[in-house]
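See structure below.
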Amino acid sequence: MVQPLNIFVLTGAGVSAESGLKTFRDSDGLWTHNDLAELATPEGFARNPARVREFYSARRKILEIAAPNKAHLALARLEKEMTALGGSVFLCTQNVDDLHEKAGHRRVVHMHGELTVTRCTMCSGRWTDRGPLTAAQVCPECGTVGTTRPHVVWFGEMPMFMDQIEQALEEADLFVAIGTSGSVYPAAGFVAEARALGIPTCEINVTRSDNTHAFDRRLYGPATEKVGQWVGEVLGD
Ligand code: OAD
């Protein structure tokens, strides 16, 4: 008999790597080959908005053709089946891609924002936008021209939905982190919070993360293999 559990799942770039989206800190990572201070900070955007818009527009283009992989699909199955059993899955992702949604996951909390949303720096209006970010764009809410930016969290900015995340951590029976290096806070600190609350913790990663020692259990291997195995175990396949 499978127990209904409240499962907190934290995902990072590694879950989308096998869908063809680059991670940040691996050898071919986005921050290994680009200067994050120029592309992922408010100061970098103020210095050169055209370069920043171009970088995120290129990522939108790549995302357009990316498909969810077996790991995204297994997590969507976990949400569906655990909810039917009377449990829940709180999926908190650091990823700005929409592959969890494309896999059928219903509730996804994007703590670092969403690549396919554009925001106006004048009025904070936001809208779904899969096309290029440009200086010519007009905000549909306040009518200002040239104030668009991607709705993603940059270094020095507050991650989103922290109240909901803290509450979900407190209510969780199990914490799992998938494909994240454990190097960016506050997400990297969730495992310690979970442990302090007495919640069992598990890491799924292709290799050891920076905070691997903080987990009770570690499953090493590609997300497309290990996530499905772990979901099967939780659902008693
Ligand atoms: P990182 O690039 O820091 O880490 C990716 C992790 O995924 C590494 O630990 C890899 O070992 C692992 N990995 C790579 N391929 C994998 C695979 N096929 N299966 C399983 N694991 C794999 O990415 P994040 O931890 O997500 O923030 O980075 C955290 C934040 O830093 C991002 O959300 C982003 C970045 O700057 C913002 O943009 C605000």
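Some points to look at:
- Residue in region 211-231 that is farthest from Ala74 (Cα to Cα), counting only those that are surrounded by 14 or more Cβ atoms within 10 Å (Cβ to Cβ) and hydroxyl-bearing (Ser, Thr, Tyr): Thr212
- Residues that are in a loop (DSSP other than H, G, I, E, B) and surrounded by fewer than 13 Cβ atoms within 10 Å (Cβ to Cβ) do occur in region 201-210, at least one of them.
- For region 1-19, the set of residues classified as under 9 Å from Gly179 (Cβ atoms) and small (Gly, Ala, Ser) consists of Gly12, Ala13, Gly14, Ser16, Ala17, listed by residue number.
- Answer from Gly143, Gly156 - the residue that is open to solvent by 40 Å² or more (accessible area, probe 1.4 Å), within 16 Å of the ligand (Cβ to nearest atom) and either small (Gly, Ala, Ser) or not in a loop (DSSP other than H, G, I, E, B) (or both): Gly156
- Among the residues examined, Val2 does not qualify as touching a helix residue (DSSP H, G or I) at 6+ places or on another chain (Cβ under 8 Å), of a type in the set (Val, Ile, Thr) and surrounded by 15 or more Cβ atoms within 10 Å (Cβ to Cβ).
- Sole exception among (1) of a type in the set (Val, Ile, Thr); (2) more than 26 Å from Ala187 (Cα to Cα); (3) surrounded by fewer than 16 Cβ atoms within 10 Å (Cβ to Cβ) for Thr148, by number: (3)
- Close contacts from region 20-43, counting a first residue that is closer than 20 Å to Ile178 by Cβ and open to solvent by less than 50 Å² (accessible area, probe 1.4 Å) and a second that is among the hydrophobic types (A, V, I, L, M, F, W, C) and more than 10 Å from the ligand (Cβ to nearest atom), with Cβ to Cβ under 6 Å and a gap of 6+ residues or different chains, come to Leu21/Ala66.
- Looking only at region 91-120, and only at residues there that are open to solvent by 20 Å² or more (accessible area, probe 1.4 Å) and in a strand (DSSP E or B), the one that is farthest from Glu166 (Cα to Cα): Arg119
- The single residue among Ala103, Ala168, Ala172, Ala136 that is within 16 Å of the ligand (Cβ to nearest atom) and among the small types (Gly, Ala, Ser) turns out to be Ala103.
- Screening region 211-237 for residues that are part of a strand (DSSP E or B) and closer than 21 Å to Glu18 by Cα and picking the one that is farthest from the ligand (Cβ to nearest atom) gives Arg218.
- From the options Thr148, Thr180, residue that is in contact with a Cys (Cβ under 8 Å, 6 or more places away or on another chain) and among the hydroxyl-bearing types (Ser, Thr, Tyr): Thr148
- On the stretch given as region 126-152, residues that are farther than 15 Å from Ser57 by Cβ and charged (D, E, K, R) total 2.
- Remark: pairs (first residue in region 50-69, assigned to a helix (DSSP H, G or I); second residue open to solvent by less than 60 Å² (accessible area, probe 1.4 Å) and of a type in the set (Phe, Trp, Tyr); Cβ separation under 8 Å; 6+ apart in sequence or on different chains) = Val52/Phe45.
- Taken as a whole, the condition of being closer than 27 Å to Gln164 by Cα, polar (S, T, N, Q) and away from the ligand (no atom under 16 Å from the Cβ) applies to Gln3.
- The selection criterion, being under 23 Å from Gly236 (Cβ atoms), within 11 Å of the ligand (Cβ to nearest atom) and within 15 Å of the chain's Cα centre (by Cα), does not hold for Ala76.
The values are calculated or read from the model by the stated rules, or taken from the named source; none is laboratory data. These numbers come from a predicted model, not from an experiment. Glycine gets a Cβ as well: all are built from the backbone with ideal geometry, and neighbour counts include every protein chain shown. Accessible surface areas use protein heavy atoms only, side chains included; no ligands, DNA or RNA. Shrake-Rupley method; radii C 1.70, N 1.55, O 1.52, S 1.80 Å.
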